[in-house]
Amino acid sequence: MLISTRRSVRSAATRSDTVSANVISLVSAALIVLVPSSISEASSAGLVTFAAVASSMTDREARAIAEAGEIANVVKNSDCFRDFIAKRKLVGTRGRTADEVAEDLRHVSGSVPVEFYFRCLGAMGGCGTAVAYRLPPDPTVYINRAYYRVGAPDFDLYELAGSLAHEAIGHALGGYEHSFDWTPLRDFSVPYSISGASRENDDAFRHCRAPLGFLTAATGPG
Ligand SMILES: [Zn+2]
């Protein structure tokens, strides 16, 4: 009886070891294909799943979310991203040092639903409205197709990855916030430091784009 209990415990452990080993090797393979030299300790880094809500989008948009989600994970788990965050003068860190935030973001993992919506409020011919938003505590990330027009000449897959990371890694899973209105310091909040800060103040996604080889990542699924 004792032996059979032990055996079943062991076989359960083996099964779960096998599953996680498979997941890790798949993840490593995916990361290696994308950026061979910039990933270290891939197995210790968390992965975020961006679960496209199919009913809210076209197949092409769903593929863009999948591809942008892969990019978001590669950037988040890169040494470039970690170094950028660790050296930044961050605000709204929930009492953590920049180094601790960098480590925290590396380990962020989980799943967030992603939906597309359309909202264009521009008075002067443009769309002066949010590119993405959430309704906390619901973790769903809503992406504005008035801004992210998948397949259009100005669509930038890498920029979409940055918006997904701001919302999912910064807010929904990371738990960091910032003021709603612009302030001089908002660019230094954790979500805006990930992506969305002004060009002058830079952000991790913009900073790491060339070093990680994503300058041409671009137009997304055809
Ligand atoms: Zn935000």
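Annotation: amide H of A52 within the under-5 Å range of V114, sequence separation 5 or more or interchain, hydrogens built in the peptide plane.
For the stretch 36-209, the antiparallel share of DSSP beta bridges with both residues in that region comes to about 25%. Stretching T58 away from A86 to a fully extended chain increases their span by 6.3 nm, per 0.36 nm per residue minus the current alpha-carbon distance.
For the stretch 111-210, the gyration tensor built on C-alpha atoms gives a rounded shape. Its axis ratio a/c (a ≥ b ≥ c) stays under 1.5.
In this simple spin-label approximation, L121 and W182 carry label points 7 Å from Cα along the Cα→Cβ vector, and these lie 1.5 nm apart. Computed from label points 7 Å out along Cα-Cβ, the spacing between L215 and D202 is 1.6 nm.
Every number in this text was worked out from the coordinates using simple rules, so none of it is lab data. This structure is a prediction, so every number in the text was calculated from the model and none was measured. Don't worry about glycine lacking a Cβ; one is built from the backbone with ideal geometry, like all the others, and counts go over all protein chains shown.
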